[in-house]
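Q: Handing you this structure, nothing more for now.
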Amino acid sequence: MKKKLNNGIFYVVISFVAVFAIGSVMAVAYSGYGTPKVVVEGNYIESGTVTVVGDESLGGNPGGYFNTKVFASEGVVVGGNVYNASTTLTIARTVTATEICGSKAITVNSDAVAGTVSAASLDLTLAATSTLFAECLRNNGDELTFDFVNQSPTAATTTEIIAGDGCQAVIGVADGDASIPGQKGATVTIKRITDWLANGGTKDCIVKIYEWN
């Protein structure tokens, strides 16, 4: 009986020493001694080197969609594609949803000859809501903005911006119409607002056209 008791005390002592040793190692690890290590389980891809010095805040990017406000302490540079819809606009043309959603500026008549009018019909119709909503304006309240420039050297070579099906144009300042003369431009904003007149109609977006003075 006495031998059995001594063995029990021996095991208790050994267990205590083991626990104390493990606790000491963890305390050293968390006290800042040694080189910090990151243990990754499973597959991972290593590219380059990440160095963290001092107290740093690390964040993640959820992808192309943000559902909260984004604050950039160093400012934001907004840019995108400049799309030439026609080097010489000679017939009416419709700008597709892909072209609109993927561009921050749309131009026409870059190759127009000075002193001549490109054509009698110079309408530029924007995409309909059916394609705009599928391409980029996916939620009620979404909007996009692009600059339109008529690069023709002849002022009489006007290009009229026409709202697509399901949208209604709202003209801003300048001469009160959507016809943009050569060497002039406009800022165009398309905003999705379901039945924005609340009259049960089919106008689910507005196209705000602000011609530059």
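Since every read-out is calculated from the coordinates, none of them should be taken as a lab result. Everything quoted here is computed from the prediction, not taken from an experiment. Because the Cβ atoms are built from the backbone with ideal geometry, glycine has one as well, and the counts that use them run over all protein chains shown.
Q: Based on other C-beta atoms within 10 Å, arrange 192, 93 from fewest to most.
A: In increasing order of surrounding Cβ atoms, one gets 93, 192.
Q: Quick check on the exposure proxy: order 126, 197, 144 from fewest to most C-beta atoms within 10 angstrom.
A: Working: 126 26, 197 11, 144 19.
Placing the least packed residue first, the sequence is 197, 144, 126.
Q: What list of ³J(HN,Hα) couplings, whole Hz, do you get for the stretch 129-146 from phi and the Karplus terms 6.51, -1.76, 1.60, once you set θ to phi - 60° and write x for glycine and proline?
A: 4, 4, 9, 4, 5, 6, 7, 8, 8, 7, 10, 4, x, 5, 8, 9, 9, 9
Q: Say R0 is 22 Å: what FRET efficiency, to the nearest 0.05, do residue 104 and residue 155 get from their beta-carbon distance?
A: After rounding to 0.05, the efficiency reads 0.30.
Q: Something else about it: Between residue 90 and residue 187, what FRET efficiency follows from the Cβ-Cβ distance if R0 is 22 Å, with the result rounded to 0.05?
A: 0.30
Q: Same structure again: At q = 0.15, 0.16, 0.20, 0.21 Å⁻¹, what log₁₀ I(q)/I(0) does the stretch 137-202 have when each alpha carbon counts as one equal point scatterer in the Debye sum?
A: The Debye formula, applied to the Cα set alone, gives -0.57, -0.63, -0.87, -0.92.
Q: Apply the Karplus curve 6.51 cos²θ - 1.76 cosθ + 1.60, θ = phi - 60°, to the phi angles in the stretch 162-172 and return the couplings in whole Hz, x for Gly and Pro.
A: My calculation for the stretch 162-172 gives 10, 5, x, 4, x, 10, 10, 7, 10, 8, x Hz in order.
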